[in-house]
Amino acid sequence: MWFAIIAVFIVLVFLFACMQIAFSIVLPKTRRLENTKELELKKDNTLFDFYDQHLTKTQYLKTRNNYSLKMYYFLQEKSNDFVVIAHGHTYTHHGCIKYVRMMHRLGFNVITFDQRYHGDSEGKNTTLGFYEKNDLLDVINQVYLEFGEEISFGLYGESMGAATILLEQSTDKRVKFCISDCGFSDLSILIKEQLKRSHLPGFVYFFVNIFVKIITGIRLEEVSPIKALAESNTPILFIHGEADKFISYHHSQDMFNFYKGKKAIFIAQNNATHAYSYFADTLNYEASVKDFLKENYYDKI
């Protein structure tokens, strides 16, 4: 009898642990806007001088799934070139400001937003790109509604945001280019790598995936940017930090190798950790973006 009780207890503890891992993926503790502002100021204390000077307007957008996203506009005068930028897991749009500033200086109107379940946006959970790609499509449609069909635009994403843009562009022929920074190639591969790194047995993934399915209605393997690339011909720049220990740079390298469309890749040096390539290797980073846009978008950069 005691053996049975202990066995049941062990099983329950194991399932609880798997549930907590699933929560950390799709119901994580997210950072508040004031926290992400503080973190970005520590990286570059001039970022919010730009932000405060060039933020044109903000607004809420009601998505097809009936929750609101907070959008932030950084507009130029007399420019029909737009880029929409998506941030990473547990963060807010503040993580995009470095890219917003760079693209704004290159002549783009820039729009960013808090992804569902993050920042000032609504949403019951995060799916690291699966439902977010539909949110991004709603954002893009709103941009077209506001500024007209004659505009031209690209997409830019960091980490989870990179997955979001790569998934969205595969079915949206209006996208002229994508810049994917430190994205994962397949969510199931990433989670398995992280479980292995934590010295957990492989079968844990099966139970984590069940809890993710219960919470969100999707399976981890349904979030696969590399599979989305098979249907795409959008010019894509893949960027990754060589020292990234959270999402290994092999994810971007694998996508670059797999992709058959126009492409470029930049692997940042100088101890470029996750989502830190821009700050670690700024000059080479900006040069890679400019060269990519000159080659694949326009030569006015």
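The values are calculated or read from the model by the stated rules, or taken from the named source; none is laboratory data. The structure displayed is predicted, hence computed values, not measured ones. All Cβ positions, even for glycine, are placed from backbone atoms using ideal geometry, and neighbour counts span all protein chains on display. Accessible surface areas use protein heavy atoms only, side chains included; no ligands, DNA or RNA. Shrake-Rupley method; radii C 1.70, N 1.55, O 1.52, S 1.80 Å.
Observations
- Annotation note: trypsin sites (Lys or Arg not before Pro) in the range 18-60 located in DSSP loop regions with a Cβ neighbour count of at most 14 within 10 Å are K29, R32.
- Carbon and sulfur %, accessible surface of the range 1-153 computed with the full protein complex present, 1.4 Å: 57
- Springs join every pair of Cα atoms under 10 Å in this Gaussian network model of the chain, and among E38, E146, E231 the largest mean-square fluctuation is at E146.
- Within straight-line cross-link reach of K42, aspartates and glutamates at Cα separation under 15 Å, skipping those fewer than 8 residues along the same chain: E34
- Helix screen, the chain: DSSP H segments with Cα axial length of 20 Å or more and mean Kyte-Doolittle hydropathy at least 1.6 are 2-26.
- The range 13-77 and the range 264-295: distance between their alpha carbon centers, rounded to Å: 22
- Within the chain: Cβ-based charge dipole about Cα centre, in debye rounded to nearest 20 (Lys, Arg +1; Asp, Glu -1): 500
- C-alpha center-to-center spacing [the range 90-122, the range 136-208] in angstrom: 14
- Of all the options L237, L69, L39, the one that moves most in a Gaussian network model of the chain with Cα springs shorter than 10 angstrom is L39.
- Between the residues V139, L195, V100, the greatest Cα displacement towards the positive end of the dipole of the chain, with unit charges on the Cβ of Lys, Arg, Asp and Glu, is found for L195.
- Correct option for Cα extents along the principal axes in Å [calculated from the coordinates] among (1) 60, 40, 35; (2) 70, 44, 37; (3) 78, 39, 38: (3)
- The range 264-300: trypsin sites (Lys or Arg not before Pro) falling in loop per DSSP and having at most 13 other Cβ within 10 Å: K300
- Charges were assigned to the Cβ only: +1 to each Lys and Arg, -1 to each Asp and Glu. The resulting dipole of the range 167-208 about its Cα centre is roughly 40 debye.
- For the range 199-253, the solvent-accessible area works out to 46 Å² per residue, with a probe of 1.4 Å and every protein chain left in place.
- With each label modelled as a point 7 angstrom along the Cα→C-beta vector, the D291-V13 pair spans 5.4 nm.
- Three-way shape label, the range 145-301, alpha-carbon gyration tensor, a/c 1.5: oblate
- Three-way shape call for the range 26-147 based on the alpha-carbon gyration tensor, with the a/c threshold at 1.5: oblate
- Looking at the range 22-91, none of the chymotrypsin sites (Phe, Trp or Tyr not before Pro) sits in a DSSP loop with at most 14 other Cβ atoms within 10 Å of its own Cβ.
- Surface per residue (accessible, 1.4 Å probe) for the range 1-158, Å²: 47
- At the residue level, I5 shows approximately 80 square angstrom of accessible surface with a 1.4 angstrom probe and all protein chains present.
- Straight-distance candidates among the lysines for linking to K262, with alpha-carbon spacing under 16 Å and chain neighbours fewer than 8 residues away dropped: K173, K176, K290, K294.
- Between L39 and L283, the C-beta separation translates, for a Förster distance of 22 Å, into a calculated FRET efficiency of about 0.45.
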